[in-house]
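The values are calculated or read from the model by the stated rules, or taken from the named source; none is laboratory data. Values in this document were obtained by computation on a predicted structure and should not be read as measured data. Cβ sites come from the backbone with ideal geometry, for glycine too, and all protein chains shown count toward neighbours.
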Amino acid sequence: MRPDLPAIHEIWVYLSGSPLLALILTLAAYQAGVMIYERTRLNPLANPVLIAVTLIALTLIALDMPYATYFEGAQFVHFLLGTATVSLAVPIYKGLPSLRGRLLPVLAALVGGGVTSIVSAILLARLLGADETVVGGMVAKSLTAPIAMGVAERIGASPTLTAVFTVTTGILGAALGRFVLDAVRCREWWQRGFAIGVAAHGIGTSRAFSVHAEAGAYAGLAMGLHGIVGAIVIPWAVSALR
Amino acid sequence: MIDGLVRILVFQGVGEVIAKFFLPLVPGPVIGLVLLLAFLAWRGGVPEGVELVSAAFMRYLGVLFVPAAVGVVLFWPHLQRQALAIAVALVVSVIATVAVSALVAKLLSRGGSDAA
C-alpha cells in the first residue's frame, strides 16, 4: 500500500501561491545566465540579465503564469535594488582620487555624453514613430539600472521598459564601444573607459575592466557620477519642461 | 557584515525620508548614496562591514533588476510593433554618447592638464 500522494496539480497550486517558486525561478535563471556568460568568456552579448529575463519570460508563458503572480514572489529580490543603489557609494568613493587634475574634462564629458544620450534617443524614437510609453523608457537608459528605474518612477515612465532599454544599452555599448572609440581616435585608456562608463554604465564598466584596469576604474567612476547627476537633474528637467 | 548592512539600510532609510518630505523629485536611495559618500569622505575610509556588503551587491547587481525587467512580457506586442524605432534609437544613441563623451574628454585634456 502506498500513502496518498498529492496530485501534481495540488503541489503546483501550493507552490505557485508561495513566493518560493518565483524566487527559485529568478535565482536559477540568473545562475544559468552567469554560467553561459562565463562559458562564452564574458562576451557582452551573452549578458546574464538578458539570458535570465528571456528564460523567465519563456517559463511564464509556458506555465501560463501572470506576471503579477511572479512579481509577488520576486519582489523580495526587487526590494534590494534601493539598498544596492546606496552601496554604490563605496566604488564611487574609491574612484574619487582619479578625478584629480582631470575634473574639467571628466565633468564636461559627463554632461556632453548625458545630454547626447537622452536627446538622440528621444528624437530618433519619436521620428521613427515610437509612442510616448517607449520614449519615456528611453530617458534614463544610460544611468546604471537601479538608479535608472528610480528615476523612471519619478518621471512617470515605466520602470520595466527603462530596465530593458538600460540593459540593452549596456550590452550595445560594451559590444560597440571599442569601434566607436577607435573611429574617433581616442587612445588614452582613462578617456576610453570614461566614455564607455557614461554611455553603458555597469555592463560597459565590467567590459572596460576586462580590457584595462585604468579604463575600468574610470568607467566605474563615470557610471557613478552619471547616476548621481542624472538622478538629480533628469526629474527636475522633465518637470520643468512639462 | 551585519553592521555594514545596518549602516547602509540606515542611510537608505534617511534618504527615503528626505525624498518623501523634502526632495520628492530625487529617488530616496540616491539621496542615501550621496549621504553615504559624504560620510565616507568625512571618515576618510570605508568601514569593513560596509565594504563587504557593497562588494556583494556590486558582484550580483544584475540579478536585482531581473524581476522588473521580466515585466517586458506585458509590453511584448507593443514593443514588437515598434521594434525598428527602438533598435535604431538605442544603437545610434549609444554610439553618439560614446563618441561625444570621448571627444569632449580628449579635446579638453589637451591644455596640459593631462600631467596628473
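State which residue is farthest from the other protein chains (Cβ to nearest Cβ) when the search covers only region A:148-157 and only residues that are over 20 Å from residue A:120 (Cβ atoms) and either touching a residue at least 12 places away in the same chain (Cβ under 8 Å) or not charged (D, E, K, R) (or both). First the steps, then the outcome.
As a first pass, look at region A:148-157 and keep what is over 20 Å from residue A:120 (Cβ atoms): A:149-150, A:153-154, A:156.
Then keep just the ones that are either touching a residue at least 12 places away in the same chain (Cβ under 8 Å) or not charged (D, E, K, R) (or both); that gives A:149-150, A:154, A:156.
On the way: A:149: 6, A:150: 3, A:154: 6, A:156: 12 Å.
The selected residue is A:156.
Scanning region B:1-28 for residues that are touching a residue at least 40 places away in the same chain (Cβ under 8 Å), surrounded by fewer than 17 Cβ atoms within 10 Å (Cβ to Cβ) and of a type outside the set (A, V, I, L, M, F, W, C) gives a single hit, B:3. Scanning region A:119-140 for residues being facing another protein chain (nearest Cβ under 7 Å), more than 18 Å from the chain's Cα centre (by Cα) and within 19 Å of residue A:198 (Cβ to Cβ) gives a total of 2. Scanning region A:169-182 for residues that are within 7 Å of chain B (Cβ to nearest Cβ) and either without any contact (Cβ under 8 Å) to a residue 24 or more places away in the chain or not in a helix (DSSP H, G or I) (or both) yields A:176, A:180, A:181.
Just one residue in the set A:99, A:63, A:103 is touching a helix residue (DSSP H, G or I) at 6+ places or on another chain (Cβ under 7 Å) and aliphatic (A, V, I, L, M); that residue is A:99.
Residues in region B:30-85 that are of a type in the set (Asp, Glu) and either surrounded by 24 or more Cβ atoms within 10 Å (Cβ to Cβ) or closer than 20 Å to residue A:202 by Cα (or both): B:51 alone. Does residue A:180 satisfy the criteria of being farther than 25 Å from residue A:94 by Cβ and either under 18 Å from the mean Cα position of the chain (by Cα) or surrounded by fewer than 24 Cβ atoms within 10 Å (Cβ to Cβ) (or both)? Yes, satisfied.
Taking the condition under 12 Å from the mean Cα position of the chain (by Cα) and part of a helix (DSSP H, G or I), does residue A:148 pass? Walk me through it before giving the result.
Working: under 12 Å from the mean Cα position of the chain (by Cα): yes; part of a helix (DSSP H, G or I): yes.
So residue A:148 passes the test.
Scanning region A:129-167 for residues that are among the polar types (S, T, N, Q) and surrounded by fewer than 24 Cβ atoms within 10 Å (Cβ to Cβ) turns up A:133, A:158, A:160.
Taking the conditions exactly as written (facing chain B (nearest Cβ under 7 Å), hydroxyl-bearing (Ser, Thr, Tyr) and buried (at least 24 other Cβ atoms within 10 Å of the Cβ)), does residue A:116 satisfy them or not? In short, no. When region A:44-62 is filtered for residues that are modelled with pLDDT under 90 and surrounded by fewer than 14 Cβ atoms within 10 Å (Cβ to Cβ), only A:45 remains.
Meeting the requirement of 2 or more residues that are farther than 30 Å from residue B:14 by Cβ and touching a residue at least 12 places away in the same chain (Cβ under 8 Å), the helices (runs of 4 or more DSSP H) wholly within region A:1-105 are A:19-39, A:48-63, A:67-87.
Just checking, which of B:104, B:50, B:94 is assigned by TED's automatic domain parsing to the domain that holds residue B:7 and either among the charged types (D, E, K, R) or at pLDDT 95 or above (or both)? Spell out how you get there, then give the answer.
Details: B:104 fails: assigned by TED's automatic domain parsing to the domain that holds residue B:7; B:94 fails: assigned by TED's automatic domain parsing to the domain that holds residue B:7.
One residue alone meets the criteria, B:50.
The condition (being under 21 Å from the mean Cα position of the chain (by Cα) and facing another protein chain (nearest Cβ under 7 Å)) is satisfied by just one residue among B:84, B:64, B:103: B:64.
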